[in-house]
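Step one of this worksheet: look at the structure below.
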Amino acid sequence: MNPVVISIGLLLCSNVFMTFAWYAHLKELNNKPWIIAALVSWGIALFEYMFQVPANRIGFTVLSVGELKIVQEVITLSVFVPFSLYYLKEPLKLDYLWAGLCLVGAVYFIFRSKFS
């Protein structure tokens, strides 16, 4: 299987755990002391790293660090927006579209040498 596809799949999994580690405590543990939320988040983040480290190692065989980072940022926004809408019940904002368009520009600039 293509290393880029494997890396993207692993980064998707990693970002789901990352998003929960970073933001789920705002909904689920908001009445607990911050140290409890931090420790729970840290435990969730362990699973993030179990996907992220192999994703970056596999991706780095065919992509540069900059390319990996931009791919990761696109995936982060792709995971964060549905999470914030459906899990945290945040309102949909036009700013998500603008941020997405900025990332399209980032993808173009980081990968433009491969497009030509």
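What is the number of the single condition among (1) closer than 20 Å to F115 by Cα; (2) in contact with a Phe, Trp or Tyr (Cβ under 9 Å, 6 or more places away or on another chain) that E48 does not meet? It fails just one condition, (1). Only one of the numbered conditions (1) aromatic (F, W, Y); (2) touching a His at 6+ places or on another chain (Cβ under 9 Å); (3) modelled with pLDDT under 95 is not met by W98, and that is (2).
For A21, indicate whether it is at pLDDT 95 or above, of a type in the set (G, A, S), surrounded by 12 or more Cβ atoms within 10 Å (Cβ to Cβ) and closer than 18 Å to I75 by Cβ. Let's see the steps before the verdict.
Values: at pLDDT 95 or above: yes; of a type in the set (G, A, S): yes; surrounded by 12 or more Cβ atoms within 10 Å (Cβ to Cβ): yes; closer than 18 Å to I75 by Cβ: yes.
Judged against the criteria, A21 is a match.
Filter the stretch 42-89 down to residues that are surrounded by 14 or more Cβ atoms within 10 Å (Cβ to Cβ), in a loop (DSSP other than H, G, I, E, B) and without any contact (Cβ under 8 Å) to a residue 12 or more places away in the chain, then give me how many there are. Going through the stretch 42-89 one residue at a time, the tally reaches 1.
Screening C102 against (1) surrounded by 14 or more Cβ atoms within 10 Å (Cβ to Cβ); (2) outside any loop (DSSP other than H, G, I, E, B) leaves a single unmet condition, (1).
The values are calculated or read from the model by the stated rules, or taken from the named source; none is laboratory data. None of these values were measured; they are calculated from a predicted model. All Cβ positions, even for glycine, are placed from backbone atoms using ideal geometry, and neighbour counts span all protein chains on display.
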